[in-house]
Amino acid sequence: MKTRFLFVAVALFLGTVFSSCHDDSYYRDGNISISVQEDDEEYRMNAKYDEDKTMAVDNYIKSCTGSDCRYNGHGDFNATLVLDDNSHVYIRSKEGRLKIKFNKEENSEEAYEKIRDMCEGIKDLLAEN
């Protein structure tokens, strides 16, 4: 019993130590991580990238979502936006991080295509040196 407890305690300690050692300098060196997941109900994009590209990504999102949109970006945004066509998209933006979720069942096919194209543009923007 003591051995099991000790093993679990050591494993938790090591897990905490290793997870706290994560360094985002990997992304500052020009590396990016982009994942797109899609099913019948939702389209999702997650990205991690160099913090220096945050303003460019935010400006691109603002240009794609329309001038009437409340998106102010600048690396600190967490809200569901109502676009000009009354479609809804969730965007969370932090320095060097982006999450986009779009419910395909609650929005039109045209809105889905617009968001999907925007995400493709973001991928292209992040791939630029």
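Numbers for the structure displayed
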{"read-out": "For peptides 33-43, 92-102, 113-123, sequence by mean Cβ density within 10 Å, most packed first", "value": "92-102, 113-123, 33-43"}
{"read-out": "Reach of Lys99 by Cα under 28 Å, taken over lysines that are not fewer than 8 positions away in the same chain", "value": "Lys48, Lys53, Lys62, Lys114, Lys123"}
{"read-out": "Neighbour-count order for Thr54, Thr3, fewest beta carbons within 10 angstrom listed first", "value": "Thr3, Thr54"}
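A short reminder: the numbers here are calculations on the coordinates, not readings from a lab. Values in this document were obtained by computation on a predicted structure and should not be read as measured data. FYI the Cβ positions are ideal-geometry reconstructions off the backbone, even for glycines, and counts take in every protein chain you see.
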